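Asks: Pasting a structure below so you can have a look.
The values are calculated or read from the model by the stated rules, or taken from the named source; none is laboratory data. This one's a predicted model, so the numbers in the text were calculated from it and none came from an experiment. Positions of Cβ are generated from backbone atoms using ideal geometry, with glycine treated the same way; all protein chains shown enter the neighbour counts.
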Ligand code: AMP
């Protein structure tokens, strides 16, 4: 069994590493010469539409992706010759914030109020109906808080329009959330579904800082409702693979923000924190293997290493701390690695998180 992966960043690297013990071979396509998945598996350093590279991918058993903005032209060529999971239709939905939110609402999943914005008049009208504060985001290609601006008063319309520079956009009502929570699930080729406990996420400067799982304040009933939403999305898209939906928690409601049709940073803790990781189940799902177990008995936290990797020797050799350094060259705001901590109780997890922060720094304090 051989799986082709579009994109060769750290997600591709961790997918390739999860495939090995399953006896599944991998090959990644990524135009970047130094794509880090190339450190652990075969890397085709070629353009997305390079005929020879696409031919090699088409010769695998199934193709999946770790990067959602692959040109549709490349995927359209591949689907003729090889199964691609999740299906390209899923990427179209998740790639456009308006299509995505309409899908959520159609399937009974609550979102913030929103309106498309293609002109100044649209924005003024949207501010009238949605109210302020609100967030203007580009419809496409936004991630890690890029391409978005908060409007607090009517005069902010000017600067907001400048910030998105004429790109198609969406205005969203600002959700006064208590916390951010993501839910990850995997769906197999036969429709089997497994989900991990909800993960609580803290962002700093729009980039994920720390995830804790299971999320403290998400009741079984609330998780069940979120999973019902994911199940509806996955059934609708005939989805195969891992899907994540990011929610805002407001009291005992979960308001969907966005989804990603791939493994996700907020699921990295599953490598050590769950019997089967998101990477293992992504490979299992697309390869048609039975999904691994996702029920957890421990508490986990994942801390991102952003921009630079500090000396980690003080954390080495511990049985409850796991260091992941992706081998990427340092750059401001770049995800270079992560540290996962596991504990038997929520209280001891917090103690261990502080021990890790003492070594790697706590970005929420320096921000
Ligand atoms: P996104 O790119 O949609 O994931 O947004 C990045 C971050 O901005 C989120 O993780 C939230 O912290 C914040 N954010 C985005 N949309 C909203 C919203 N409608 N209300 C409140 N905060 C938001």
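Asks: Would you say residue 152 is within 13 Å of the ligand (Cβ to nearest atom) and surrounded by fewer than 12 Cβ atoms within 10 Å (Cβ to Cβ)?
Replies: It is true that residue 152 is within 13 Å of the ligand (Cβ to nearest atom) and surrounded by fewer than 12 Cβ atoms within 10 Å (Cβ to Cβ).
Asks: Now a separate question. Does residue 108 fit the bill of being under 27 Å from residue 214 (Cα atoms) and more than 15 Å from the ligand (Cβ to nearest atom)?
Replies: So residue 108 fits the description; yes.
Asks: Restricting attention to helices (runs of 4 or more DSSP H) lying wholly within segment 261-367, give those where 1 or more residues are touching a helix residue (DSSP H, G or I) at 6+ places or on another chain (Cβ under 7 Å) and within 23 Å of residue 196 (Cα to Cα).
Replies: Details: elements: 270-273, 278-287, 346-360, 363-366.
Once the helices (runs of 4 or more DSSP H) in segment 261-367 are filtered for at least 1 residues that are touching a helix residue (DSSP H, G or I) at 6+ places or on another chain (Cβ under 7 Å) and within 23 Å of residue 196 (Cα to Cα), what remains is 270-273, 278-287.
Asks: Sticking with this structure for a sec: Right, residue 91: at pLDDT below 95 and surrounded by 20 or more Cβ atoms within 10 Å (Cβ to Cβ) or not?
Replies: Yes: the conditions hold for residue 91.
Asks: If you don't mind, there's one more thing I want to ask. Just to be sure, is residue 208 within 12 Å of the ligand (Cβ to nearest atom), assigned by TED's automatic domain parsing to the domain that holds residue 120 and surrounded by 20 or more Cβ atoms within 10 Å (Cβ to Cβ)?
Replies: Numbers: within 12 Å of the ligand (Cβ to nearest atom): yes; assigned by TED's automatic domain parsing to the domain that holds residue 120: no; surrounded by 20 or more Cβ atoms within 10 Å (Cβ to Cβ): yes.
It is false that residue 208 is within 12 Å of the ligand (Cβ to nearest atom), assigned by TED's automatic domain parsing to the domain that holds residue 120 and surrounded by 20 or more Cβ atoms within 10 Å (Cβ to Cβ).
Asks: Take the residues of segment 173-190 that are more than 11 Å from the ligand (Cβ to nearest atom) and within 23 Å of the chain's Cα centre (by Cα): which is surrounded by the fewest Cβ atoms within 10 Å (Cβ to Cβ)? Working first, answer last.
Replies: Of all residues in segment 173-190, those more than 11 Å from the ligand (Cβ to nearest atom) come to 178, 183-190.
Next, only the ones that are within 23 Å of the chain's Cα centre (by Cα) stay: 178, 183-189.
Details: 178: 13, 183: 28, 184: 26, 185: 25, 186: 29, 187: 27, 188: 19, 189: 17.
So, considering only residues that are more than 11 Å from the ligand (Cβ to nearest atom) and within 23 Å of the chain's Cα centre (by Cα), the one surrounded by the fewest Cβ atoms within 10 Å (Cβ to Cβ) is 178.
Asks: While we're on this one: Could you figure out which of (1) touching a residue at least 40 places away in the same chain (Cβ under 8 Å); (2) under 27 Å from residue 346 (Cα atoms) isn't true of residue 260?
Replies: (2)
Asks: Which residue is nearest to residue 229 (Cα to Cα), if the candidates are limited to segment 191-205 and must be assigned to a strand (DSSP E or B) and within 11 Å of the ligand (Cβ to nearest atom)?
Replies: By that ranking, first place goes to 201.
Asks: Checking the condition without any contact (Cβ under 8 Å) to a residue 60 or more places away in the chain, surrounded by fewer than 21 Cβ atoms within 10 Å (Cβ to Cβ) and more than 29 Å from residue 90 (Cα to Cα), which residue from 313, 252 passes?
Replies: 313
Asks: Residue 260 passes all but one of (1) buried (at least 23 other Cβ atoms within 10 Å of the Cβ); (2) farther than 18 Å from residue 339 by Cα; which number fails?
Replies: The one condition residue 260 does not meet is (1).
Asks: Only one of (1) under 13 Å from the mean Cα position of the chain (by Cα); (2) within 16 Å of the ligand (Cβ to nearest atom); (3) not in a helix (DSSP H, G or I) fails for residue 256. Which number is that?
Replies: Failing condition for residue 256: (1).
Asks: Still on this model: Pick from 98, 135, 170: which is modelled with pLDDT of 95 or more and more than 12 Å from the ligand (Cβ to nearest atom)?
Replies: On the way: 135 fails: more than 12 Å from the ligand (Cβ to nearest atom); 170 fails: more than 12 Å from the ligand (Cβ to nearest atom).
After ruling out the rest, the residue left standing is 98.
Residue by residue, here is whether (1) over 20 Å from the mean Cα position of the chain (by Cα); (2) closer than 30 Å to residue 102 by Cα; (3) surrounded by fewer than 14 Cβ atoms within 10 Å (Cβ to Cβ) holds:
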position: 279; (1), (2), (3): no, yes, no
position: 297; (1), (2), (3): yes, no, yes
position: 306; (1), (2), (3): no, no, no
position: 317; (1), (2), (3): yes, no, yes
position: 320; (1), (2), (3): yes, no, no
position: 349; (1), (2), (3): yes, no, no
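Asks: Then there is this: Go over the candidates 44, 54, 15, 11 one by one and state the one that is surrounded by 15 or more Cβ atoms within 10 Å (Cβ to Cβ), over 18 Å from residue 281 (Cβ atoms) and in contact (Cβ under 8 Å) with a residue 24 or more places away in the chain.
Replies: None of the other options fit; the residue is 54.
Asks: Another question, if that's okay. Kindly evaluate residue 343 against the criterion of being surrounded by 14 or more Cβ atoms within 10 Å (Cβ to Cβ), touching a strand residue (DSSP E or B) at 6+ places or on another chain (Cβ under 9 Å) and within 25 Å of residue 245 (Cβ to Cβ).
Replies: No: the conditions fail for residue 343.
Asks: Listed residues 175, 183, 150; which is touching a helix residue (DSSP H, G or I) at 6+ places or on another chain (Cβ under 7 Å) and either touching a residue at least 24 places away in the same chain (Cβ under 8 Å) or within 26 Å of residue 304 (Cβ to Cβ) (or both)?
Replies: On inspection, the qualifying residue turns out to be 183.
Asks: Something else about it: Outside the structural domain of residue 271 (by TED's automatic domain parsing) and within 15 Å of the ligand (Cβ to nearest atom): does that describe residue 215?
Replies: Considered against the rule, which asks whether it is outside the structural domain of residue 271 (by TED's automatic domain parsing) and within 15 Å of the ligand (Cβ to nearest atom), residue 215 comes out as no.
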